[in-house]
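**Student:** Pasting a structure below so you can have a look.
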């Protein structure tokens, strides 16, 4: 009986040993990816394709909230980061947490003004964002949804656009800063509200993009992938290279993203 327990204990120690895990001859290549939540649909498909083609495994997680951007500095353990947050990338670079030579543009997005199904805007769109008077006609409690800059990456772009179009003050009495994309979608679908959102979100949620915001009104929305410093940088670079492949680009386009 004692010998049986001794064998079991040795087997458990071998299985738990990091050295054993590293030396396992049949271990599959593995990479962990942290990305903006707006990339959920295309990346979920892309990582499945990558894992299948490379006979490996991919761990995929999403984070939007600015308050969680210190996860990497605190040891989140990701190998690849994909984000539109330029300031975040600059911060991580200053902390020495990314391989600056690995930065790769993988997709881009735009902002639209989404609205109720039958909403029609009139006027000279090039001169501003004429929605205040229309909101008053939509109901007794008009609302204008804007992604919260501290919770959703596109929020800073939306705020920049409203300031450039000189409409931030005009819309302030009706503005609701929304912390989650489902809430933004619900405003438009269930409360007859207008909302500034990513073009891909409007497309995926079957919302009416009443007006594309002028590209000159906000900084370009580019998603960039970077390798995070660690022990798995070789596999991370391999995954980022795949994001530039024809197969990956086709998936981004399928979900409404640009790839140039």
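The values are calculated or read from the model by the stated rules, or taken from the named source; none is laboratory data. A quick note: this is a predicted structure, and the numbers were derived from the prediction, not measured. Note that each Cβ is placed from the backbone with ideal geometry, even for glycine, and that neighbours are counted across all protein chains shown.
**Student:** So, residue 207, is that one assigned by TED's automatic domain parsing to the domain that holds residue 53, in contact with a helix residue (DSSP H, G or I) (Cβ under 9 Å, 6 or more places away or on another chain), crowded, with 18+ Cβ neighbours inside 10 Å and in contact (Cβ under 8 Å) with a residue 24 or more places away in the chain or not?
**Tutor:** When the stated conditions are applied, residue 207 does not pass them.
Yes/no per residue for (1) outside the structural domain of residue 56 (by TED's automatic domain parsing); (2) at pLDDT 95 or above:
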{"position": "157", "(1), (2)": "yes, yes"}
{"position": "181", "(1), (2)": "yes, no"}
{"position": "233", "(1), (2)": "no, no"}
{"position": "236", "(1), (2)": "no, no"}
{"position": "244", "(1), (2)": "no, no"}
{"position": "260", "(1), (2)": "yes, no"}
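**Student:** Can you tell me which residue among 176, 152, 162, 187 is in a loop (DSSP other than H, G, I, E, B), at pLDDT 85 or above and in contact with a strand residue (DSSP E or B) (Cβ under 8 Å, 6 or more places away or on another chain)?
**Tutor:** It is 152.
**Student:** Given the conditions (1) within 12 Å of residue 109 (Cα to Cα); (2) under 15 Å from the mean Cα position of the chain (by Cα), report the number of the one that residue 226 does not fulfil.
**Tutor:** All conditions are met except number (1).
**Student:** Hey, another quick one. Taking the criterion of being surrounded by fewer than 20 Cβ atoms within 10 Å (Cβ to Cβ), outside any strand (DSSP E or B), at pLDDT 85 or above and touching a helix residue (DSSP H, G or I) at 6+ places or on another chain (Cβ under 9 Å), would at least one residue in segment 139-149 satisfy it?
**Tutor:** yes
**Student:** Kindly indicate the residue of segment 229-245 that is more than 21 Å from the chain's Cα centre (by Cα) and free of Cβ contacts under 8 Å to residues at least 12 places away in the same chain and also surrounded by the fewest Cβ atoms within 10 Å (Cβ to Cβ) among those meeting that condition.
**Tutor:** Here the answer is 231.
**Student:** Among the residues of segment 200-216, is there at least one that is more than 29 Å from residue 185 (Cβ to Cβ), out of contact with any strand residue (DSSP E or B) (no Cβ under 6 Å at 6 or more places or on another chain) and part of a helix (DSSP H, G or I)?
**Tutor:** No; the residues of segment 200-216 include none that is more than 29 Å from residue 185 (Cβ to Cβ), out of contact with any strand residue (DSSP E or B) (no Cβ under 6 Å at 6 or more places or on another chain) and part of a helix (DSSP H, G or I).
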